[in-house]
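My structure is below; once you've seen it, I'll send some questions.
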Amino acid sequence: MSASPELDIAIVGGGVVGLACAVELSRTRQLAVIERRERFGLETSSHNSGVIHAGIYYPTGSLKHTLCLEGNPLLYAWADAHGVPSVRLGKLIIAVDDDDRASLAEVRRQADANGVPGMRLIEDRGELRELEPSVRCVAALYSASTGVIDQTQLMASFAREIEARGGWLALKHEVTAVDRLPEGAGFAVRMRGPDGRETAVEAQAVLNSAGLRAPDVAAMLGYPLDGGEGVPPLRQTVNKGRYYDIVDTRKARALRHLVYPVPEHAKGGLGVHVTIDVGGLVHLGPDTEWLDDGAPLDYRADDLRRADFLAAAQRYLPALETDDIAPGQVGYRPKLQRPGGPIADFLIWHDRSYVHLGGIESPGMTASLAIARRVATLL
């Protein structure tokens, strides 16, 4: 086993949040980002809709609320400064019929309590038709600060900045063990490189930003995943989300904003909604499916839920037909929420130079630069 120079910080996981943290920490620290895949963000960070969220739905004062609200303008500013494609499309949260009005009013109350800027209630049918002629609804909340970003180019811009500051980006390196060194001297991080050889680094601090595998890294350090004295619950569940794409060009181009029905929090998501990426392609989803512990993750698209997606979308896109959609990408959410349980917040937990990031699902990308600032204060 070969040994590498000592680091200030070892970051396990090269998704968008791990990279954002590395950008912030590399201002003053020598660090490494250790990522087991051949490219950054191949799991959660690239298998999502790329939405820059506004902070509407989350419980007031939660990390999801405060860090999303802080991260939204930070992300737009970063994109502008670093040439990352982003578009402020705006979002309509719709009441499809009068039965949805009470739920829409609750979303409005939450947005007001959260201090979300650029929110406006629209009940004039003519204005609604002008904004989205193909969408059936009786009222909508408009969010001006919601948009989309190119996740891949965002992560590439983070990586360039880290390398420019002397950070080490270790792709195709899988962490196999993390141990505390004696007398509080830091950590030994062992990893297997692309050639199969074992490498060890010593770091004064470890940031666990491993996403879906964050509990595995915590277990390497002996933390009880179900919590214990001074340790919060670290175990995660996995929630699968499928997308379908609207492939009828005419119907896709008729949509101008992100369109969300009122949310389905108990199911683990926001319902089947319309997103438009920076390239103008239009997507439906994601849906939600809770997986059993240890279930294999398969990122291949399937066509198992065409009828479900079509029925959900036709509530507010009545002209949509079965051949207008095609299977899209598949993603997986790392959740601290249990199936049927209450919404869980992000977990940012610090213990003796170890920082654990748990349940970093949506709005993790939006909040990434704000999460990075929070982690920097802890370290």
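The values are calculated or read from the model by the stated rules, or taken from the named source; none is laboratory data. Predicted model, so just to flag it, every value in this text is computed and none were measured. So basically every Cβ, Gly included, is an ideal-geometry build from the backbone, and we count neighbours across all protein chains shown.
Of the residues that make up the range 280-290, is at least one in a loop (DSSP other than H, G, I, E, B), farther than 19 Å from Ser49 by Cβ and modelled with pLDDT of 95 or more? Break it down into steps so the answer makes sense when it comes.
Restricting attention to the range 280-290, the residues satisfying the condition of being in a loop (DSSP other than H, G, I, E, B) are 280-281, 285-288.
Next cut, farther than 19 Å from Ser49 by Cβ only: none.
Among the residues of the range 280-290, not one is in a loop (DSSP other than H, G, I, E, B), farther than 19 Å from Ser49 by Cβ and modelled with pLDDT of 95 or more, which makes the answer no.
Having 1 or more residues that are in contact with a Pro (Cβ under 9 Å, 6 or more places away or on another chain), over 27 Å from Tyr354 (Cβ atoms) and not assigned by TED's automatic domain parsing to the domain that holds Ala185 is the bar; report the strands (runs of 3 or more DSSP E) wholly within the range 1-98 that clear it. Before the answer, list the steps.
Working: elements: 7-12, 31-34, 91-95.
Passing ranges, in order: 91-95.
Select, from Thr288, Thr249, the only residue that is of a type in the set (Val, Ile, Thr) and in contact with a helix residue (DSSP H, G or I) (Cβ under 9 Å, 6 or more places away or on another chain). Lay out the reasoning, then the answer.
Numbers: Thr249 fails: in contact with a helix residue (DSSP H, G or I) (Cβ under 9 Å, 6 or more places away or on another chain).
Every option except Thr288 fails the conditions.
Do the conditions hold for Pro342, that is, is it free of Cβ contacts under 8 Å to residues at least 12 places away in the same chain and in contact with a His (Cβ under 9 Å, 6 or more places away or on another chain)? Spell out how you get there, then give the answer.
On the way: free of Cβ contacts under 8 Å to residues at least 12 places away in the same chain: yes; in contact with a His (Cβ under 9 Å, 6 or more places away or on another chain): yes.
Here the answer is yes, as Pro342 does meet what is asked.
Out of the range 170-181, which residues are surrounded by fewer than 20 Cβ atoms within 10 Å (Cβ to Cβ) and in a strand (DSSP E or B)?
Our first condition is that a residue be surrounded by fewer than 20 Cβ atoms within 10 Å (Cβ to Cβ); within the range 170-181, this holds for 171-172, 174, 176-177, 179-181.
Selection gives Glu174, Thr176, Ala177, Asp179, Arg180.
Restricting the search to the range 1-59, which residues are without any contact (Cβ under 8 Å) to a residue 12 or more places away in the chain and over 18 Å from Ile149 (Cβ atoms)?
Residues of the range 1-59 that are without any contact (Cβ under 8 Å) to a residue 12 or more places away in the chain, as a first pass: 28, 42.
Of everything in the range 1-59, just one residue is without any contact (Cβ under 8 Å) to a residue 12 or more places away in the chain and over 18 Å from Ile149 (Cβ atoms), namely Thr28.
Taking the conditions exactly as written (surrounded by fewer than 19 Cβ atoms within 10 Å (Cβ to Cβ), in a loop (DSSP other than H, G, I, E, B) and β-branched (Val, Ile, Thr)), does Ile348 satisfy them or not? I'd like the intermediate steps shown before the answer.
Working: surrounded by fewer than 19 Cβ atoms within 10 Å (Cβ to Cβ): yes; in a loop (DSSP other than H, G, I, E, B): no; β-branched (Val, Ile, Thr): yes.
For Ile348, the condition - surrounded by fewer than 19 Cβ atoms within 10 Å (Cβ to Cβ), in a loop (DSSP other than H, G, I, E, B) and β-branched (Val, Ile, Thr) - is not met.
When you check Leu281 against the structure, is it in contact with a helix residue (DSSP H, G or I) (Cβ under 6 Å, 6 or more places away or on another chain) and in contact (Cβ under 8 Å) with a residue 12 or more places away in the chain, yes or no? Reasoning before the result, please.
Working: in contact with a helix residue (DSSP H, G or I) (Cβ under 6 Å, 6 or more places away or on another chain): no; in contact (Cβ under 8 Å) with a residue 12 or more places away in the chain: yes.
No: the conditions fail for Leu281.
I want to confirm something. Restricting to the range 126-152 and keeping residues that are outside any helix (DSSP H, G or I) and of a type in the set (D, E, K, R), which single residue is surrounded by the most Cβ atoms within 10 Å (Cβ to Cβ)? It would help to see each step written out before you state the result.
Initial filter on the range 126-152 (outside any helix (DSSP H, G or I)): 132-150.
With the extra rule that they be of a type in the set (D, E, K, R), the set shrinks to 132, 136, 150.
Details: Glu132: 20, Arg136: 16, Asp150: 18.
Filtering first and then ranking leaves Glu132.
Same structure, new question: Quick check: anything in the range 200-221 free of Cβ contacts under 8 Å to residues at least 60 places away in the same chain, within 14 Å of Ser353 (Cβ to Cβ) and assigned by TED's automatic domain parsing to the domain that holds Arg39? Please lay out each step first, then the result.
Step one: of the range 200-221, the residues free of Cβ contacts under 8 Å to residues at least 60 places away in the same chain are 216, 219-220.
Of the ones still in play, those that are also within 14 Å of Ser353 (Cβ to Cβ) are none.
No.
Here is a further query. Looking at the range 226-265 only, could you name the residues that are part of a strand (DSSP E or B) and acidic (Asp, Glu)?
To start, the set of residues in the range 226-265 that are part of a strand (DSSP E or B) comprises 228, 231, 237-246, 258-261, 264.
Selection gives Asp245, Glu264.
Can you pull out every residue in the range 92-118 that is under 20 Å from Ser62 (Cα atoms) and either surrounded by 12 or more Cβ atoms within 10 Å (Cβ to Cβ) or not basic (Lys, Arg) (or both)? Show your work before the answer.
Here is the first cut: in the range 92-118, the residues under 20 Å from Ser62 (Cα atoms) are 106-117.
Of everything in the range 92-118, those that are under 20 Å from Ser62 (Cα atoms) and either surrounded by 12 or more Cβ atoms within 10 Å (Cβ to Cβ) or not basic (Lys, Arg) (or both) turn out to be Glu106, Val107, Arg108, Gln110, Ala111, Asp112, Ala113, Asn114, Gly115, Val116, Pro117.
Which condition from (1) more than 20 Å from Ser362 (Cβ to Cβ); (2) within 22 Å of the chain's Cα centre (by Cα) is the one that Gly115 breaks?
It is condition (1) that Gly115 fails.
Let me ask something else. In this structure, does Gly184 turn out to be at pLDDT below 95 and either surrounded by fewer than 18 Cβ atoms within 10 Å (Cβ to Cβ) or of a type outside the set (Phe, Trp, Tyr) (or both)? Spell out how you get there, then give the answer.
Values: at pLDDT below 95: yes; either surrounded by fewer than 18 Cβ atoms within 10 Å (Cβ to Cβ) or of a type outside the set (Phe, Trp, Tyr) (or both): yes.
Taking the combined requirement at face value, the residue satisfies it.
Can you name the residue in the range 296-323 that is closer than 15 Å to Val259 by Cα and either of a type in the set (Phe, Trp, Tyr) or free of Cβ contacts under 8 Å to residues at least 12 places away in the same chain (or both) and is also surrounded by the fewest Cβ atoms within 10 Å (Cβ to Cβ) among such residues?
Only one residue tops the list, namely Gln314.
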